[in-house]
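No lab work stands behind these numbers, since they all come straight from the coordinates. Keep in mind the model is a prediction, meaning the values are calculated, not measured. Because the Cβ atoms are built from the backbone with ideal geometry, glycine has one as well, and the counts that use them run over all protein chains shown.
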Amino acid sequence: MTETAPSKVTMEKIVSLCQRRGFIFPSSEIYGGLSSCWDYGPLGVELKRNIKEAWWQALVRERDDIVGLDASIMMHPKTWEASGHIKGFTDPLVECKSCHLRWRADELKDTRCPSCGGELTEPRMFNLMFKTFMGPVEEEASTIYLRPETAQGIFVNFENVLNTTRKRLPFGIAQMGKAFRNEITTGNFIFRSREFEQMELEFFIKPGTDDEWFNYWVEERLKWYTKLGIKKGNLRLHEHAKEALAHYALSCTDIDYQFPMGWAELEGIANRGDFDLVQHSTFSGKNLNYFDEESKQHIIPHIIEPSGGVDRAALAFLCDAYDEDIAEGELRVILHLHPTLAPIKVAVLPLSRKEKLAELAKKIYADLRQCWIATYDDAQSIGRRYRRQDEIGTPFCVTVDFQSLEDEQVTIRDRDSLKQIRVPISELKNTLAAKLSGEPLFVLPPGGKIWKE
Ligand code: ATP
């Protein structure tokens, strides 16, 4: 039996779990860490890959109207003039005259330093792009930037993709990859870091169909998060006021998530109008337009952009999945991760290390690994081993016991309900495949039975 413990997810608990179990570590930790950079450990890298896979699957693989792209991180410096980043990708920075800490002026509630109460300087605009040099000379002419968003790689390839895929409007180009921002203030773990990953779709449409496609993409993106397990009550839409819009946007709605520190942006959906294609046409001298067969005219498509962060999504999925209860008299930490996102799908646990049992369990393990990321654990009591898997979100444990040697059956234990079924080993793979796709536990394969209700 489980009962709910009076606890709530906090950022401290998430950070501690992530470090304890190898999801996420501070970058360069042996040197004291590098501020606001993070390394994904063995479980974190799987979680992150699963998030990206799920996004790619939903946006590229399952649709005819979107294609993928992987553009380079370093781009021609003119890109950033055209996009407006050199002039306008800035935040107002103030510095404390006493302790010299720096703050984002627009995030301060007070006119004094939040750390020591000291007097602050006048705000100056601070550009968030990381600068570096290309080639062996460090001079102005060779200055380039690490991309602060992946979107521009898509706009500059608009013509290439159009010409090579023969896509007609409306169609989209999707890309995910690293982006870099020299944020003035970072924090809240992986919520805001200086190196992060984005998943961006630029959806090109006929002008005049903006509202229809904008609403469509807000709904689609909301559905994507809830389908992967995020509770509806922890998501909300936040429409930006006209005066708060970024320089390129005609409208913007954020999907906010209720993080432990409060509601904050998870993903933004913007109507970028024709801003980007017009700018890049002007700066490159190329005509980035589209011949509309219907009207027999050249038009400049408008763009609807859903832009999300992989790391923010990972944090939201972790926070949403985190739970504690009392199972068999002990505190149990569980990650109710959706099976699609869980780093490990199944754990094989022999009840004892005795040779005969281990031999059978290892055979089963080797077989399951052909299909899913699986793990094998024979250390400590079975209860401990179940809890180790619950804590990292493994949806199912397969237990091999002495009876298995005789009846050629094993038990499958469900992480969320703690219920168990017993199935013939010959049916194990099919049964797990069905359960991982959402079939209720008590739908049994031939020869299967309910083991623990
Ligand atoms: P914020 O207002 O939180 O700084 P933003 O509006 O500048 O975000 P966008 O430029 O719209 O963010 O970027 C799209 C997405 O990229 C965000 O919704 C977020 O998920 C992610 N993102 C942006 N900046 C960061 C960052 N510094 N660290 C992690 N993820 C980020």
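Quick check on region 157-202: what does the Kirkwood estimate of hydrodynamic radius come out to from the alpha carbon pairs, in Å?
Here the Kirkwood hydrodynamic radius works out to 13.0 Å.
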Simple Cβ-charge dipole of region 271-355, Lys/Arg +1 and Asp/Glu -1, about Cα centre, in debye nearest 20: 360
Helix 42-56 vs. the chain, principal-axis angle (Cα, 0 to 90°, nearest 10): 60
Ile144 long-range amide H proximity, modeled H, under 5 Å: Thr132, Phe133, Met134
Degrees between helix 11-21 axis and first principal axis of the chain (Cα, 0 to 90, nearest 10): 60
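Give the order of His240, His247, His302 when sorted by the count of other beta carbons within 10 angstrom, beginning with the fewest. All intermediate terms of the calculation are to be shown ahead of the outcome.
Working: His240 15, His247 11, His302 25.
Ascending Cβ contact count within 10 Å gives the list His247, His240, His302.
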Helix-derived mean residue ellipticity, 222 nm - over the chain, DSSP H n ≥ 4, -39500 (n - 2.57), to 500: -8500 deg cm²/dmol
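Stretched out fully, how many nm does the piece from Arg166 to Leu444 gain, at 0.36 nm a residue minus the Cα gap?
Working: separation 278, 0.36 × 278 = 100.08 nm, distance 4.81 nm.
Value of the extension gain: 95.3 nm.
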Förster radius 41 Å - calculated FRET efficiency between Glu195 and Ala434 (Cβ-Cβ, nearest 0.05): 0.55
Charge-dipole axis of region 23-148 as Lys and Arg at +1 and Asp and Glu at -1 on Cβ define it, positive-most pick from Gly32, His100, His76: His100
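Ordered by packing density, taken as the mean number of other Cβ atoms within 10 Å over each peptide's residues, highest first, how do 136-144, 350-358 rank? Display every interim value, and only then the final one.
Details: 136-144: 10.3, 350-358: 14.9.
Result, highest mean first: 350-358, 136-144.
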Cα-centred dipole magnitude for the chain, charges only on beta-carbon of K, R (+1) and D, E (-1), debye, nearest 20: 980
Using alpha-carbon coordinates, inclination of helix 310-321 to the longest axis of the chain, degrees: 40
Protection-proxy order for peptides 377-389, 264-276, 288-300, each taking the mean of Cβ atoms within 10 Å per residue, highest first: 264-276, 377-389, 288-300
FRET efficiency, Glu119 to Lys363 (Cβ-Cβ, R0 51 Å, nearest 0.05): 0.10
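Could you work out the relative contact order of the chain, using alpha carbon pairs under 8 angstrom and six or more residues apart, expressed as a whole percent?
On the way: 830 pairs, mean separation 59.1, N = 453.
The value is 13 percent.
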Mean-position separation - Cα centroids, region 308-330 and region 332-383, in angstrom: 21
Lysines whose Cα lies under 23 Å from that of Lys356, excluding same-chain neighbours fewer than 8 positions away: Lys429
Selection from Val137, Phe442, Val423, by position along the positive dipole direction of the chain (Cβ): Val423
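Within the set Lys8/Lys232; Lys52/Lys449; Lys52/Lys363, which residue pairs have Cα atoms separated by over 26 Å?
Values: Lys8/Lys232 17 Å; Lys52/Lys449 37 Å; Lys52/Lys363 31 Å.
Long pairs (Cα-Cα over 26 Å): Lys52/Lys449; Lys52/Lys363.
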Counted charge near Ile334, where neighbours are those whose Cβ lies closer than 10 Å (Asp, Glu -1; Lys, Arg +1): -3
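Taking the Cα centre of region 344-452 as the origin, how large is its charge dipole in debye, to the nearest 20, when only Lys and Arg (+1) and Asp and Glu (-1) carry charge on their Cβ atoms?
Numbers: 19 positive and 15 negative charges, 49 e Å.
So the magnitude is around 240 debye.
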Solvent-free Debye scattering, log10 I(q)/I(0), computed from the Cα coordinates of the chain at q = 0.12 Å⁻¹: -1.10
Inter-part distance where region 238-262 and region 57-129 are each reduced to a Cα centre, Å: 15
Chain lengthening between Thr209 and Met261 when straightened (0.36 nm per residue, less Cα-Cα): 15.0 nm
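Expected output is a single nm value to one decimal: the length gained when fully extending between Lys8 and Lys419, i.e. 0.36 nm times separation in residues minus the C-alpha distance. What is it? Please list the in-between numbers first.
Working: separation 411, 0.36 × 411 = 147.96 nm, distance 2.42 nm.
That works out to 145.5 nm of additional length.
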Cα-only Debye scattering, region 344-452: base-10 log of I(q)/I(0) at q = 0.14, 0.17, 0.18, 0.23 Å⁻¹: -0.47, -0.71, -0.81, -1.43
³J(HN,Hα) computed for each position of region 27-39 - Karplus, 6.51 cos²θ - 1.76 cosθ + 1.60, integer Hz, glycine/proline x: 5, 6, 4, 5, 9, x, x, 10, 3, 6, 10, 9, 10
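Sort 147-160, 416-429 for me by packing, meaning the mean count of neighbouring Cβ atoms within 10 Å per residue, highest on top. Spell out each step's value before the answer.
Numbers: 147-160: 20.8, 416-429: 16.9.
Ranking, from highest mean packing down: 147-160, 416-429.
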